[in-house]
Amino acid sequence: MPNIKKDDLVQVLTGSDRGKQGKVLQVIPEQNRVLVEGVNYVTKHSRVGQTQRGTKTGGIETMEAPIHISNVAVVDPSTKKPTRVGRRVEEQIKDGEKRTVRVRYAKKSGKDL
């Protein structure tokens, strides 16, 4: 189970985009990859065609490509630096019921993510 979820702020640890921070757009757990906003741009060529109105489609597009999950780290909300993620079990009272909930937290600062 990956520690990184959609909408997390992450920092790239390796590669040509090293040091860049961005929001996670998509997590692909089967391939252990994440899609990060503004990082790892690639150019994709698509075939030129026509819509029914007659406008041209296709050409060269730039888009984000997935990065391996081991090459990114979650950013600590208080220090804005990459950190490790831990889980702890807490009891919460909601509507008069006790519930045990697993909460993700940044290991360096202890703040919830």
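The values are calculated or read from the model by the stated rules, or taken from the named source; none is laboratory data. Treat the numbers as computed from the prediction; the structure is a model and nothing was measured. Note: ideal-geometry Cβ built from the backbone for every residue, glycine included; neighbour counts use all protein chains shown. Surface accessibility is based on the protein's heavy atoms, side chains included, excluding ligands, DNA and RNA. Shrake-Rupley method; radii C 1.70, N 1.55, O 1.52, S 1.80 Å.
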Quiz item: Out of (1) at pLDDT 90 or above; (2) touching an Asp or Glu at 6+ places or on another chain (Cβ under 6 Å); (3) closer than 20 Å to D7 by Cα, what's the single condition that is false for S70?
Solution: (2)
Exercise. Look at segment 45-71 and say how many of its residues are touching a residue at least 40 places away in the same chain (Cβ under 8 Å), open to solvent by less than 40 Å² (accessible area, probe 1.4 Å) and touching a Gly at 6+ places or on another chain (Cβ under 9 Å).
Key: 1
Quiz item: out of contact with any Lys or Arg (no Cβ under 9 Å at 6 or more places or on another chain) and closer than 19 Å to D7 by Cβ - does that describe any residue in segment 83-99?
Solution: no
Quiz item: Inside segment 31-92, counting only strands (runs of 3 or more DSSP E) that do not spill past its ends, which hold 3 or more residues that are among the hydrophobic types (A, V, I, L, M, F, W, C) and either closer than 21 Å to R18 by Cα or out of contact with any helix residue (DSSP H, G or I) (no Cβ under 9 Å at 6 or more places or on another chain) (or both)?
Solution: 33-36, 72-75
Practice problem: Would you be able to tell me the number of residues in segment 80-104 that are closer than 24 Å to L13 by Cα and open to solvent by 50 Å² or more (accessible area, probe 1.4 Å)? | Solution: 4
Quiz item: Can you find even one residue in segment 56-74 that is basic (K, R) and under 22 Å from L35 (Cα atoms)?
Solution: no
Self-check item: V10 surrounded by 12 or more Cβ atoms within 10 Å (Cβ to Cβ), under 8 Å from the mean Cα position of the chain (by Cα), under 14 Å from P82 (Cβ atoms) and without any contact (Cβ under 8 Å) to a residue 40 or more places away in the chain
Solution: no
